[in-house]
Each structure stands twice: as structure tokens, then as C-alpha cells.
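J.: Submitted below is the structure of interest, expressed as C-alpha cells.
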């Protein structure tokens, strides 16, 4: 409080906020978004699609030697890629196989995020079954191409 009452006025400033913070237009957009989430029951839909998504990913874990582990909840998942499935030995960072899987997935129509030896997946809550299938089919194709 003393910095505000006395001394250099520069030291008494609180630099914070953005032009959209507490702005009536931003608040209206937030409220409209919440209305849509509620009206279209997006959380329940995301839950249903998330179960399907995780089932598709766990099936890949069983079928592909590159997939060491699938973990996540709902529409947030990570697919761990491994150099040796039996020992779950990881690929070293920057391994050619990781780059090849990433590119092969993209070439099949899906953009995924590669973080080390993990593919991080967090699609929009509004993703539909056809889009989940496209992403999972792209991953399946990439794993088959790179891992044999």
C-alpha cells in the first residue's frame, strides 16, 4: 500500500489485464459458448465418443509392435511408441521411426502431435465418429507402414 501512497508512481503500478479481459463482448461470447455446450450436451457426447476413441486406440496397442502403451481418458490420450514391445524400450528422441510415423499419419489425412516418443491426441470435444475413424485409421496405417 505504501508504494501507492508515496514514492515513485511507477512502482505503484499494477500491470495486468488484456483488452478482452472482463470485456462485455468477451463475456457475451463466453456465455454463448456455455449455452451451446449445455444445449447440445457436448460433455455427454464427448464422453460417448471418448469411449469409442479409447477402444480404437487400445486395439492398436494389441495389434502393432510399435505401440507400447496407450493411456488417457476420454478424448485425451497418449500413444507411446517403443523400439521393443517386449521390453518397452523407448525410441531415442529424434529416431527416424518416430518421424516416419508422424509423416505417414499426416499423409493419411490426420495431424497428430509428436512429443518425444509419444503421440499426443486431444481432439475437439465436438469430434464425430467419422473423424475419430479417420484419425485412428491414419494411425493404424502409419504403424503398419513403419513397424511392418
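J.: Looking at the structure I just gave you, is residue 139 touching a strand residue (DSSP E or B) at 6+ places or on another chain (Cβ under 9 Å), assigned by TED's automatic domain parsing to the domain that holds residue 46, free of Cβ contacts under 8 Å to residues at least 40 places away in the same chain and under 16 Å from residue 66 (Cα atoms)?
T.: no
J.: Determine, yes or no, whether residue 142 is closer than 15 Å to residue 60 by Cβ, surrounded by 17 or more Cβ atoms within 10 Å (Cβ to Cβ) and over 16 Å from the mean Cα position of the chain (by Cα).
T.: Criteria met by residue 142.
Yes or no, residue by residue, for (1) at pLDDT 95 or above; (2) loosely packed, with under 13 Cβ neighbours inside 10 Å:
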site	(1), (2)
9	no, yes
12	no, no
24	no, yes
30	no, yes
64	yes, no
82	yes, no
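J.: In region 115-136, what residues are in a helix (DSSP H, G or I), within 25 Å of residue 83 (Cα to Cα) and touching a residue at least 60 places away in the same chain (Cβ under 8 Å)?
T.: Answer for region 115-136, where residues must be in a helix (DSSP H, G or I), within 25 Å of residue 83 (Cα to Cα) and touching a residue at least 60 places away in the same chain (Cβ under 8 Å): just 136.
J.: Could you please find all residues in region 38-62 being without any contact (Cβ under 8 Å) to a residue 24 or more places away in the chain and either in a helix (DSSP H, G or I) or surrounded by 14 or more Cβ atoms within 10 Å (Cβ to Cβ) (or both)?
T.: If the condition is that a residue be without any contact (Cβ under 8 Å) to a residue 24 or more places away in the chain and either in a helix (DSSP H, G or I) or surrounded by 14 or more Cβ atoms within 10 Å (Cβ to Cβ) (or both), then 38, 39, 44, 48, 51, 54, 55, 58, 59, 61, 62 are the ones that fit.
J.: Would you tally the residues in region 58-105 being touching a helix residue (DSSP H, G or I) at 6+ places or on another chain (Cβ under 7 Å) and under 15 Å from residue 140 (Cβ atoms)?
T.: Of the residues in that region, 13 qualify.
J.: Within region 63-72, how many residues turn out to be part of a strand (DSSP E or B) and either more than 17 Å from the chain's Cα centre (by Cα) or under 13 Å from residue 123 (Cα atoms) (or both)?
T.: The qualifying residues number 3.
J.: Which pairs have Cβ atoms under 7 Å, sit 6 or more apart or on different chains, and link a residue in region 79-101 that is outside the structural domain of residue 140 (by TED's automatic domain parsing) to one that is surrounded by 15 or more Cβ atoms within 10 Å (Cβ to Cβ) and not in a strand (DSSP E or B)?
T.: Once the first residue is outside the structural domain of residue 140 (by TED's automatic domain parsing) and sits in region 79-101, no partner that is surrounded by 15 or more Cβ atoms within 10 Å (Cβ to Cβ) and not in a strand (DSSP E or B) comes close enough.
The values are calculated or read from the model by the stated rules, or taken from the named source; none is laboratory data. Computed from a prediction, not measured in an experiment: that's the story for all the values here. Heads up, the Cβs are rebuilt from the backbone with ideal geometry, glycines too, and the neighbour counts pull from every protein chain shown.
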